[in-house]
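Please read the structure below before turning to the comments.
All of the numbers you see were taken from the coordinates with simple rules; none came from a lab. Given the structure is predicted, the values throughout are model-derived calculations rather than measurements. Using ideal geometry, Cβ is built from the backbone for each residue, glycine included, and neighbour counts are taken over all protein chains shown.
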Amino acid sequence: MAKNLVIVESPAKAKTIEGFLGKDFLVKSSFGHVRDLSKATLSIDVDNGFIPNYEVPADKKKVIDDLKKAAKSAEVIWLASDEDREGEAIAWHLAEALNLDQAKTKRIVFHEITKTAILEAIQTPRTIDQNLVNAQQARRVLDRLVGYELSPLLWKKVRPALSAGRVQSVAVRLIVERENEIREFITGSYFKVTALFEVEKEGKTHTLKAEIPAKLQQSEEAESMLEKAKDAVFTIEEIKTVPAKKSPSPPFTTSTLQQEASRKLSFSVAKTMMIAQQLYEAGKITYMRTDSVNLSGMALSMAKEEITRAFGEKYVKTRNYTTKSKGAQEAHEAIRPTYLNSPEIKGTADQRKLYDLIWKRTIASQMGDAQLEKTTVSISGTGIKESFVATGEVLIFDGFLKVYLESSDDEDDEIQKGVLPPLTKGMVLNNREVLATEKYTQHPPRYTEASLVKKLEELGIGRPSTYAPIISTIQKRQYVVLETREGVPRDYRVMILKSKKIHKEVKQEITGYEKSKLFPTDIGSLVNSFLVQYFLNILDYNFTANVEKKFDEVAAGNVVWNEMIREFYTPFHAQIADTQEKSKKVSGEKLLGLDPVSGKNVFVKIGRYGPMVQIGETDSEEKPRFAGLLKNQSIETITLEQALELFSFPRLVGVYKDKEVTVSIGRFGPYVKYDGAFFSLKKTDNPLEVTLERAIEVMEEKILAEKNKLIRDYPENPEVRVLNGRWGPYISIAKANYKIPKGVEPSSLTLQDCLKIAAAAGEQEDKPKKTRKKK
DNA sequence: CAGTGAGCGAGCTTCCGCTTGACTT
């Protein structure tokens, strides 16, 4: 048995390190945290110093048993979890849960996974930093108190099974408030004037595009400018050339990787993390959950070597970046390729794409600035007050641009950038045409997954390991939805001056197209307004940043953790109790108007089953009528007319083969009913407008799918069938379903094969699965 | 590429951060 046991957080890291340390060292992994507050109850003794009640979760019991065994036979146990608040706490929980002998236990940290760094760490062990551990306990306890006292309040005052927390509630608030801004935004229009000139030089004709920088508010202004341009003589008034430079972006952190993979590769945040994890486990990249932009000395020298080899020495410029994000803990390096001399790797297409991005970003970060020359040309026209401006850019030295350029979120329409034709001051230009185009002001953009992560990071909310889960949590709770919405056509006016004639046109563009954006739901808006009304202090965008400062004080040993928590909890708990007592149950009820048929009030509100319309009063003698809102409707935007339409279900759409075809709304959304059978409508179908033709199409589609569903059946045992399902082929026996092993052709399965697979799966059933704990 | 097509009830639900599998009907 090895004399030394090293415990790290990640198994992939353990594997690498074991290679460095030799036979005397056994390296194992804790798989993250090993203890936590019990989930079933608050698990904090609020009356006695907020003592936490920790337990080893069911899925960690095996890890602990395993580590205990290894620790028993080791002479020294090295706790090598990350050097941040959570890592320190993991080391402490390990010492506690494993019952480690203090004399045999050493705490070490390292920032890069290299042999030298690790051997150095072994030479300089320390003890567990209890202040840092206490800062983590304060963080953990505060989050539990906030989450487990706010959520039950929502169950009472809004709807069961909702949730609130320090992080998720702020994420939802950002999305709700952005949507409110968009709803209140008033679109304006203005005119932009551009001109095309011709430049004759050495027998060749070049085109020069220039614009008036100002926005013209009225179409009359634009038209009069075009009138004046009819007979104007255009001359180059001034040419200004200034040098400029562009610098590369720092290497990737989790958040910037998620943003760039979203912009350049259209990956979701979750997909990026999944593929990065695969690359990490294959040893291709360093750790993917990090907030640091720092590269190790070894990485820097590898980068230098690779840049020299690939592009030449003059492209090298090694740099040290410092993090700007709030609350960064920098326990790891930036995300970079393990071997910078491998620009390409083997793997799936997605793995190669993400790796390529990481390689380029890392290499570019150590390359020289791009040197540019920016030229601005002013062109005056006789009789026209404003000057036209043309800009051009010449690349003197490409530097890092040879490899990589960061994308930007806002796709501003750029005017001509590039090489300008040869021009001289005083030159008279031939005007080919002048164009006045109507443009519209734009509302602030909705968040994408990645831009939300960026915003949260700016606010210091959430950690690299939680950005992806936050996005999935707020969707799972149905506070927000990720949606792509089609745009609608919009007219815009254009005036063209050509050959001394002004020609007017109305053209169309598509506006409002939203690709994979986050929209708040009605319940999301309602919960947010409740929380903002009663708990603005928690929903404050600076709440996290402020408590982080206090955690830092705890870590520095200046503040006692449970006193800090008491100071927070006493007023917070009073606030909970007060709201419990004083606030009414909220439903977001809104009066839309009167029903012209019955003369009764029409309300929209959130009911037990979601947003709905109600005709008549709740406490009236005659029961009110109810109807659920459709998927794309919201109580914020629905009109009285749309609300009343919802009462037209079930709607007869026609008669098919002597039987009625109706459309209705059920528990699981809109459906077609025909001859006692049900057929779900697609998301894109509007149940109010579905025609008989479309209904028949939907029915036929389903019948066809049913037909394709059966891969094989067995006359000797009709209970056994091989079927096509949502996740691919499977075996169905009586009511139970079974997975088909990999590499087996479903249509080749015999009855015996199926029964064997079922029997084998049955045995597995007895294995200890998720044991549901009581208490 | 599934399949389900209401409506009392009693009892359940929930946080954030660390880390990977297990296991999919």
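Given 0.36 nm per residue, what is the gain on full extension from A:Lys62 to A:Tyr492 after removing their alpha carbon distance, in nm?
That works out to 148.2 nm of additional length.
So, in Å, what gap is there between the alpha-carbon centers of segment A:511-558 and segment A:119-165?
Value for the Cα centre distance between the two parts: 16 Å.
Taking square-rooted eigenvalues a ≥ b ≥ c of the alpha carbon gyration tensor, is segment A:234-319 rounded, prolate or oblate, where a/c under 1.5 means rounded and, failing that, a/b exceeding b/c means prolate?
Since a/c reaches 1.5 but b/c is at least a/b, the shape of segment A:234-319 is classed as oblate.
Tell me, how many Å apart are the Cα centres for segment A:230-304 and for segment A:604-661?
49
Which FRET efficiency value, to the nearest 0.05, do you get for A:Thr348 and A:Tyr714 by plugging their Cβ-Cβ distance into 1/(1 + (r/R0)^6) with R0 = 45 Å?
0.75
Express the Stokes-Einstein translational diffusion coefficient of segment A:1-130 in µm² s⁻¹, to the nearest whole number, given a Kirkwood radius over alpha-carbon pairs, 37 °C and a viscosity of 0.692 mPa s. If you can, show how the numbers build up before the last one.
Values: Rh = 15.3 Å.
It diffuses with D of about 215 µm²/s by this estimate.
I need the Debye-formula profile for segment A:123-207: one equal scatterer per C-alpha, no solvent, reported as log10 I(q)/I(0) at q = 0.11 1/Å, two decimals.
Summing over Cα pairs of segment A:123-207 leads to -0.64.
Determine one quarter of the surface area of the Cα convex hull of chain A, which equals its mean projected area, and express it in nm² to one decimal. Before the final figure, lay out the partial values.
Working: hull surface 192.1 nm².
So the Cα hull casts an average projection of 48.0 nm².
Using helices alone, I'd like the mean residue ellipticity at 222 nm for chain A: each DSSP H run of four-plus residues gives -39500 (n - 2.57), total over residue count, nearest 500.
Mean residue ellipticity, 222 nm, calculated: -11000 deg cm²/dmol.
What is chain A's relative contact order, in percent, from Cα pairs under 8 angstrom and six or more apart in sequence?
Working: 1302 pairs, mean separation 88.2, N = 775.
The normalised contact order for chain A reaches 11 percent.
Relative to a virtual label point 7 Å from the Cα of A:Tyr609 in the Cα→beta-carbon direction, which members of segment A:626-643 show backbone nitrogen distances below 19 Å?
A:626-635, A:643
Please compute the length gained on full extension between A:Asp24 and A:Arg485, using 0.36 nm multiplied by the number of residues separating them and subtracting their Cα-Cα distance.
159.9 nm
When the label point is put 7 Å from the Cα of A:Lys585 along its Cα-to-beta-carbon vector, which residues of segment A:607-646 have a backbone N closer than 12 Å?
So the set is A:607-609.
As an exercise, use a Förster radius of 35 Å and the Cβ-Cβ distance of A:Lys707 and A:Glu660 to find the FRET efficiency, rounded to the nearest 0.05.
Once rounded, the FRET efficiency stands at 0.90.
How much length, in nm to one decimal, is gained on full extension between A:Phe668 and A:Gln371, taken as 0.36 nm per residue of separation minus their Cα-Cα distance?
101.0 nm
Give me the one-decimal nm value for the distance between modelled label points at A:Leu692 and A:Leu42, 7 Å along each residue's Cα-to-Cβ direction.
6.5
Note down the nm distance, to one decimal, between modelled labels 7 Å out along Cα→Cβ at A:Ser472 and at A:Val316.
The answer from the label model is 4.3 nm.
Report ³J(HN,Hα) in whole Hz for each residue of segment A:373-387, in order, from the Karplus equation J = 6.51 cos²θ - 1.76 cosθ + 1.60 where θ = phi - 60°; Gly and Pro get x.
Working through the residues one at a time gives 10, 9, 10, 10, 10, 9, 10, 9, x, 4, x, 10, 5, 7, 9 Hz.
Given the convex hull of the Cα atoms of segment A:372-486, what is a quarter of its surface area in nm²?
Seen from a random direction, the Cα hull of segment A:372-486 projects 13.1 nm² on average.
Only bridges with both residues in chain A count here: give the DSSP antiparallel percent, nearest 5.
Roughly 90 percent of the DSSP beta bridges within chain A come out antiparallel.
How high is the relative contact order of segment A:122-212, given as a whole-number percent (alpha carbon pairs under 8 Å, six or more residues apart)?
14
FRET efficiency for A:Lys507 and A:Ser266, Cβ-Cβ distance as r, R0 = 30 Å, nearest 0.05?
Working from the Cβ atoms, E equals 0.55.
Can I get the semi-axes of segment A:551-623's equivalent ellipsoid? Compute them from the C-alpha gyration tensor as square roots of 5 times the eigenvalues, in angstrom, largest first.
49, 13, 8
Each label point is 7 Å from the Cα along the Cα-to-Cβ direction; what then is the distance between the points at A:Glu458 and A:Gln442, in nm?
1.5
Which whole-number percentage describes the relative contact order of segment A:256-390, with Cα contacts under 8 Å and a sequence gap of 6 or more?
26
Label segment A:142-259 by shape, choosing from rounded, prolate and oblate, from the square roots a ≥ b ≥ c of the eigenvalues of the Cα gyration tensor; if a/c is under 1.5 it is rounded, and otherwise prolate applies when a/b is larger than b/c, oblate when it is not.
oblate
Using the crude model of +1 on Lys and Arg Cβ and -1 on Asp and Glu Cβ, and no other charge, please compute the dipole size for chain A relative to its Cα centre, in debye to 20.
1640
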